[in-house]
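Structure first, then comments.
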Ligand SMILES: C[S@@+](CC[C@H](N)C(=O)[O-])C[C@H]1O[C@@H](n2cnc3c(N)ncnc32)[C@H](O)[C@@H]1O
C-alpha cells in the first residue's frame, strides 16, 4: 500500500484507561461547572409533558460528565415538579465505547440516574460536526475537553506531533483552516439544536501567550521517543511521519470569528468567554510526594488513553492489533521515563465559553 493512500483518522479515547487517567481532564472542570449551574438557573424550561433536554457533546466514558450534568439536574429540579422528565443525550463518535458510558451511568456512585428517577439517559454515536439532535430541542448543552479535537487530520505535521510546535508554514495554515472550519460547524449546528434561550457551556484547550497549545514537555517527550523508535528500527520513517495529533488550542479571536461582525451567528451569541490556566494535578502531587516516577507514569498513562490511539492509527496496515499494543506499551514507558528524568510543571491553557440562543426569531 502506498504511504499517501493511508488515511489516518482521529481515534476515540482508550476507554479501558481513560476513566482512570482522566483525573487530569477534571482540572478546569470546576469553573466551567459553575457556569453550567448558572445556566441551569436561568434557561427557560419547557412545560410538561415535553422533556427538558440536556446534551453532553463528546462524553467518552461519561465519567467526567457526572458532576456537571448532576449539578445542572439538581438546580433544574428546584424549578420543576419532581416528575417533569429530564432527558440527557450523551454524544460521541460512533466508535466510542458506549458500553463503558452506560456502565458508568449505571454503576458510578455519582451517577445522576441514582439521584433522580425522572431523568433518562440516552446516547448518540455521531460526530458533533453535524446536526445530531432535533432543532430547537436542547435546553442546556455541555462539552468538556472535546472540541479541541479536529474533525480530521488535515495533513501530517512534518517536524512534530502537535501543530503549535511545528515550524512548517503549510501545516500550520492547514491546521488553522481546519480549526476555524470545525469551530464554525460546531457552533452552527448547536445553534440549530439549542432551544430558544438555551445555553451551551464549552470547556476546551486555549493557548499560551506565545500561541502554543501547552502540554509542551509531554508532546516533546512523544517526539523524542518516536525518533528513538525510528533509530532503533521499531518504527518506519513513514509511520513516524504520519503520526500527528489533530488537537488544537484556540485563542479569543478564533472563538469569536463565526460571530463577526454582528456578534450573532445562527441565533447564538457569546455570553461568556475566558481563557485561563488549569492546574497540573500530577505536578501538584509531585510537589507533595517528590515521586518523579509517579509523575512521569501519571502523565504517560494520561497520554496513552487520550492520544496514543490516534498515533497508533498511523502504523502500517496489517495484523496491527498486537503491534499497536506493543507500540503503546513502549511509548508509554519511554514517555514516562523522559518526564520522570526531568519533571517540570505542564502548562494547561484552557478556555471556557458560554453561548446563548436568542429567545425569539426576531
Ligand atoms: C478527552 S475526551 C473528553 C471526555 C469528557 N468530556 C471529559 O471531559 O473528560 C474527548 C472526547 O471527545 C470525543 N470527540 C472528539 N471528536 C468528536 C466529534 N467530532 N464528535 C463527537 N465527539 C468527539 C472523543 O471521542 C472523546 O471521547
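Values quoted throughout were computed directly from the atomic coordinates according to the rules given, and no laboratory measurement underlies them. Being a predicted model, the structure only gives us computed values, none of them experimental. Every residue, glycine among them, receives a Cβ derived from its backbone with ideal geometry; neighbour counts consider all protein chains shown.
Measure nothing fancy, just the Cα-based angle from helix 66-77's long axis to the longest principal axis of the chain, in degrees from 0 to 90, nearest 10.
Here the helix axis deviates by roughly 10 degrees.
Any chance you could get the radius of gyration and Dmax over the Cα atoms of the chain, in Å?
20.7, 65
For region 218-267, list log₁₀ I(q)/I(0) at each q in 0.21, 0.26, 0.32 Å⁻¹, using the Debye formula over Cα point scatterers of equal strength and ignoring solvent, two decimals each.
The Debye formula, applied to the Cα set alone, gives -0.76, -0.98, -1.15.
Percent relative contact order of region 220-362, based on C-alpha pairs within less than 8 angstrom and at least six residues apart?
Normalised by residue count, the contact order of region 220-362 is 39 percent.
Could you give the angle, 0 to 90 degrees to the nearest 10, between helix 216-231's Cα long axis and the longest principal axis of the Cα atoms of the chain?
40
How do 63, 57 rank when sorted from fewest to most other Cβ atoms within 10 Å of their own Cβ?
Values: 63 22, 57 27.
Ranking 63, 57 by Cβ neighbours within 10 Å, fewest first, gives 63, 57.
For residue 230 and residue 131, compute 0.36 nm times the residue count separating them, minus their Cα-Cα distance, and round to one decimal in nm.
31.5 nm
So how do 137-148, 221-232 stack up, highest first, on mean other-Cβ count within 10 Å?
Descending mean neighbour count gives 137-148, 221-232.
May I ask you to derive the relative contact order of region 63-132, considering only C-alpha pairs under 8 Å and at least 6 residues apart, and to give it as an integer percent?
43
Specify the residue with the greatest mean-square fluctuation among 322, 271, 332, computed from a Gaussian network of the chain linking alpha-carbon atoms under 10 Å apart.
Maximum fluctuation in the GNM of the chain, among the listed residues, is at 322.
Residue 259 versus residue 271, label points 7 Å from Cα toward the beta carbon: distance in nm?
Each label point lies 7 Å from its Cα, and together they span 1.2 nm.
Across the Cα atoms of region 125-213, what radius of gyration and what greatest pairwise Cα-Cα distance (Dmax) are found, in Å?
So, for region 125-213, Rg and Dmax equal 15.2, 46 Å respectively.
If each DSSP helix of 4+ residues adds -39,500 (n - 2.57) and the sum is divided by the residues in the chain, what number results at 222 nm, nearest 500 deg cm²/dmol?
Result for the chain, helices only: -12500 deg cm²/dmol.
Which of 128, 308, 282 moves the most in a Gaussian network model of the chain with Cα springs under 10 Å?
Among 128, 308, 282, the largest GNM mean-square fluctuation belongs to 282.
What percentages make up the Cα-Cα pair-distance distribution of region 50-198 when the bins are 10 Å wide from 0?
In order of increasing distance, the bins hold 11, 35, 30, 16, 7, 1 percent.
Looking only at 108, 169, 92, which one moves most when the chain is put into a Gaussian network model with springs between Cα atoms under 10 Å?
169
Hey, what did the chain get for relative contact order, percent, Cα under 8 Å, at least 6 apart?
About 23 percent, as a whole number.
Kindly state, to the nearest 0.05, the FRET efficiency for residue 167 paired with residue 337, given R0 = 22 Å and r defined as their beta-carbon distance.
Efficiency at R0 = 22 Å is approximately 0.25.
According to the Kirkwood expression over distinct Cα-Cα pairs, how big is the hydrodynamic radius of region 206-307, in Å?
Averaging 1/r across every pair of different Cα atoms and inverting gives 17.0 Å.
What is the order of 194, 66, fewest Cβ neighbours within 10 Å to most?
Ascending number of Cβ neighbours within 10 Å: 66, 194.
In degrees from 0 to 90, rounded to the nearest 10, what is the angle of the helix 292-306 Cα long axis to the longest principal axis of the chain?
For helix 292-306, the angle is close to 60 degrees.
How would you rank 13, 155, going from fewest to most other Cβ atoms within 10 Å of each one's own Cβ?
The most exposed by this proxy come first: 155, 13.
Largest first and in whole Å, what are the equivalent-ellipsoid semi-axes of region 42-84 based on the Cα gyration tensor, each being the root of 5 times an eigenvalue?
They are 22, 11, 9 Å, listed largest first.
Can you give the extra length, in nm with one decimal, that the chain gains between residue 316 and residue 106 once fully stretched, where that is 0.36 nm per residue apart less the Cα-Cα distance?
71.8 nm
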